[in-house]
1. Restricting attention to segment 289-322, report how many residues are farther than 20 Å from L274 by Cα, free of Cβ contacts under 8 Å to residues at least 24 places away in the same chain and in a loop (DSSP other than H, G, I, E, B).
2. Let me confirm something: among E88, E135, which residue is open to solvent by 50 Å² or more (accessible area, probe 1.4 Å), farther than 19 Å from V226 by Cβ and at pLDDT 95 or above?
3. Mind listing just one residue for me: the one in segment 317-330 that is more than 14 Å from V254 (Cα to Cα) and not hydrophobic (A, V, I, L, M, F, W, C) and, of those, surrounded by the most Cβ atoms within 10 Å (Cβ to Cβ)?
4. Could we say that G141 is assigned to a helix (DSSP H, G or I) and farther than 22 Å from Q210 by Cβ here?
5. From the set of residues in segment 278-315 that are basic (K, R) and surrounded by 10 or more Cβ atoms within 10 Å (Cβ to Cβ), which is nearest to E341 (Cα to Cα)?
6. Limited to segment 154-208, what total is found for residues that are under 26 Å from H140 (Cα atoms), among the aliphatic types (A, V, I, L, M), touching a residue at least 24 places away in the same chain (Cβ under 8 Å) and open to solvent by 20 Å² or more (accessible area, probe 1.4 Å)?
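The values are calculated or read from the model by the stated rules, or taken from the named source; none is laboratory data. Because the structure is a prediction, the values reported are computed rather than measured. Virtual Cβ from ideal backbone geometry, glycine too; neighbours counted across all protein chains shown. These area figures cover heavy atoms from the full protein model, side chains too; ligands, DNA and RNA do not enter into them. Shrake-Rupley method; radii C 1.70, N 1.55, O 1.52, S 1.80 Å.
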Amino acid sequence: MDSMADASAPQRARDHASDQEPVLSVRDLKTYVFTRRGEGRAVDGVSFDVYRGRTLGVVGESGSGKSMTALSILGLNPKPETRIVGGEVTLNGDDLLPKTQRQMRAVRGKFLGMILQDPMTALNPVLTIEDQVSEPLLVHGLHSQRGVRDRVVELLRMLRIPGAESRLGSFPHQFSGGMRQRVVGAIAMSCNPDVLIADEPTTALDVTLQAAYLRVLKQIQEDHSVAIIFITHDFGIVADMCDRVAVMYAGKIVEDAATVELFDHPAHPYTIGLLGSIPNVEEDVERLVSIPGSPPSIFDRAPGCSFAPRCRFATDRCLAEEPPVVEVAPDHSSRCWYAGEIYAGELREHDS
């Protein structure tokens, strides 16, 4: 009985939630990897809020902790090699981290949905498309057995699957990569969750289908006030989809701001590097700008700022002391010793 009561807590909270309050709040989330090499800090103190009808973009290089953060929120971080060692994740005010896997199964799909990055591993090769899209609807009892089939067809049509009704009995290997990605999206959207986490959802889509896919996400958000966390490397998508941006590096959020503010006034050297690597179609360039070096290993974190070895502004202080998070403008924060000077455009490269 207690388990069922805990599982229904997000529903009670949803009924009384205000759009002015975050639907999902993450505070100081830490997920570590434990192997023979030692302890690796995959997610190292991440905090952010997501609001109804708004989209948070999460950007950064591969290995920065974006996907592990998403999996940790859902309680799907790989076990036993990873473990959430600290922090708080609240959905409509209900803390998710203390919940058992059984309790989380009542939350995933209905309140929290995720579009996984790789449809080949996300879809079961021996189950039909109808079976896989209908599963969340049946598990959460949101439709009658008769109504489920109509809902599945509706979802597949919404995601631009050609001949949706005739493809219900197909298997994943009979779909193209782009179609499989859209099926994964249909599964995540089936129950109209409060929060939708989209992990590189347009990777397998061509430009035309990508634009259509993003329009569908926007329409769903408009119709149901769903909050979206959009994980991507594509700043074009960030500019088009996201209200806010969290820039991740080495398991931490190093800059957080409204999208327009971040594009116009970046306040962290890593953000400047990422934005500088975007090609400008209006300019003739022979070579794109790149960030020298590589991200640090999660098992070998040196003291000081993790980005310092690659930073053109770094000083001895950066190599020795970890910078705090500072607010450079209202609702705009950066984890850098010189964030204020960078924001104001006053900082020059250091010799030491």
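1. 6
2. E88
3. My answer is R317.
4. Details: assigned to a helix (DSSP H, G or I): no; farther than 22 Å from Q210 by Cβ: yes.
It is false that G141 is assigned to a helix (DSSP H, G or I) and farther than 22 Å from Q210 by Cβ.
5. Here is the first cut: in segment 278-315, the residues basic (K, R) are 287, 301, 310, 312.
Filter once more, keeping what is surrounded by 10 or more Cβ atoms within 10 Å (Cβ to Cβ): 301, 310, 312.
Numbers: R301: 26, R310: 18, R312: 14 Å.
The extreme case among them is R312.
6. Here the count works out to 2.
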